[in-house]
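Participant: Before I ask anything, let me first share the structure, which is written out below as structure tokens.
The values are calculated or read from the model by the stated rules, or taken from the named source; none is laboratory data. Note that this is a predicted model, so its numbers are computed, not measured. Cβ: placed from backbone, ideal geometry, glycine included. Neighbour counts: every protein chain shown. Just so you know, the surface numbers come from the protein's heavy atoms only, side chains and all, with ligands and any DNA or RNA stripped out. Shrake-Rupley method; radii C 1.70, N 1.55, O 1.52, S 1.80 Å.
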Amino acid sequence: MMTNEELLALLKKNPIGVICGVLSLALGAGIYFRSDEVPAAEAELAQKSEEGARLAANLQNAAQLKEQNDALTIAEKELESRLMHASQTLTNLQFFYKLESDTGVKMTVNSQGSLAAAPKSAGKTIYSIVPFTITVQGSIAQLVDYLHRLESNARYCRVVSVTCSAPTSERGAPITLALNLELLGVP
């Protein structure tokens, strides 16, 4: 066994080796006691990196956000101006009377149907379908012009069914066109 004096002499003779040994033991103990914190730190790093990437993408995508919002606002106003209002029956019928006067056809029947109930699976909808039944009479050119103006008008229109008939007794008699239409609107 070594005495204290021999141990001190050995330490004085090899100070670098002793300091390296003590330091190695201290570092080994530190690594051993902190080794369970590495997975938690890696998980936190991954979470912070993901959040940083998301925030960087948000900053990049927000560069033109005001312009995009302004464009959506303008598009929404345009859409609102093109919708039929189901509660304004007289205003809605004036749309068809204007088409009648512009094309020269004679409207014999014009009625606005009632709104159909939306299916429960559709959820809450903003827009609805406003149905119309219209019968007009005129020449082929007038009826084609009427359909063209109806199709190219500002309103969103879908023709559900068309029935065209011509009287067989008179050759120059006006042709009758019966339309079932659906226009996009709000209740």
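Participant: Can you give the accessible area per residue of the range 1-51, in Å², using a 1.4 Å probe? Walk me through the numbers before you get to the answer.
Facilitator: Details: 4850 Å² over 51 residues.
Dividing the accessible area of the range 1-51 by its residue count gives 95 Å².
Participant: Further question on the same structure: Given (i) 20.4; (ii) 24.6; (iii) 20.8 as candidate values of Kirkwood radius over Cα pairs in Å, which corresponds to the one derived from the coordinates?
Facilitator: So the calculated entry is the one marked (ii).
Participant: Quick one: longest stretch of the chain between exposed loop trypsin sites (Lys or Arg not before Pro), exposed meaning at most 10 other C-beta atoms within 10 Å and loop per DSSP? Working shown, then result.
Facilitator: Values: sites that count: K124, R171.
Free of exposed loop sites, the longest segment is 1-123.
Participant: With a 1.4 Å probe and all protein chains left in place, how much of the accessible area of the chain comes from carbon and sulfur atoms, in whole percent?
Facilitator: On the way: 8420 of 14000 Å².
It is 60 percent, rounded to a whole number.
Participant: On a 0 to 90 degree scale, rounded to 10, what angle separates helix 89-103 from the longest Cα axis of the chain?
Facilitator: 60
Participant: Also: Give the relative contact order (percent, whole number) for the chain; include only Cα pairs under 8 Å separated by 6+ residues.
Facilitator: Numbers: 189 pairs, mean separation 37.3, N = 187.
Over the chain, the number comes to 20 percent.
Participant: Something else now. Rounded to the nearest 500, what is the 222 nm mean residue ellipticity of the chain from helices alone, with -39500 (n - 2.57) per DSSP H run of 4+ residues and division by all residues? Mind showing how you got there, number by number?
Facilitator: On the way: 6 runs with 100 residues, N = 187.
One gets -18000 deg cm²/dmol as the mean residue ellipticity at 222 nm.
Participant: Pulled fully out, how much extra length does the chain show between N14 and D70, if you take 0.36 nm times their separation in residues and subtract their Cα-Cα distance?
Facilitator: On the way: separation 56, 0.36 × 56 = 20.16 nm, distance 7.84 nm.
The span from N14 to D70 would gain 12.3 nm if fully extended.
Participant: Using the Karplus equation 6.51 cos²θ - 1.76 cosθ + 1.60 (θ = phi - 60°), what ³J(HN,Hα) coupling, rounded to whole Hz, does each residue of the range 31-36 give in order, writing x for Gly and Pro?
Facilitator: Along the range 31-36, the couplings run 5, 4, 6, 9, 5, 6 Hz.
Participant: Right, here's the next one. Gaussian network model of the chain, Cα springs within a sub-10 Å range: biggest mean-square fluctuation belongs to which of T163, T133, T176?
Facilitator: Per the Cα network of the chain with a 10 Å cutoff, T163 tops the list.
Participant: Under a GNM of the chain (C-alpha, springs under 10 Å), which listed residue has the highest mean-square fluctuation: S128, S87, S24?
Facilitator: S24
Participant: Another question about this same structure. HN-Hα J couplings of the range 55-62 from phi, Karplus 6.51/-1.76/1.60, θ = phi - 60°, integer Hz, Gly and Pro as x?
Facilitator: Values per residue, Gly and Pro as x: 5, 5, 5, 4, 5, 5, 6, 7 Hz.
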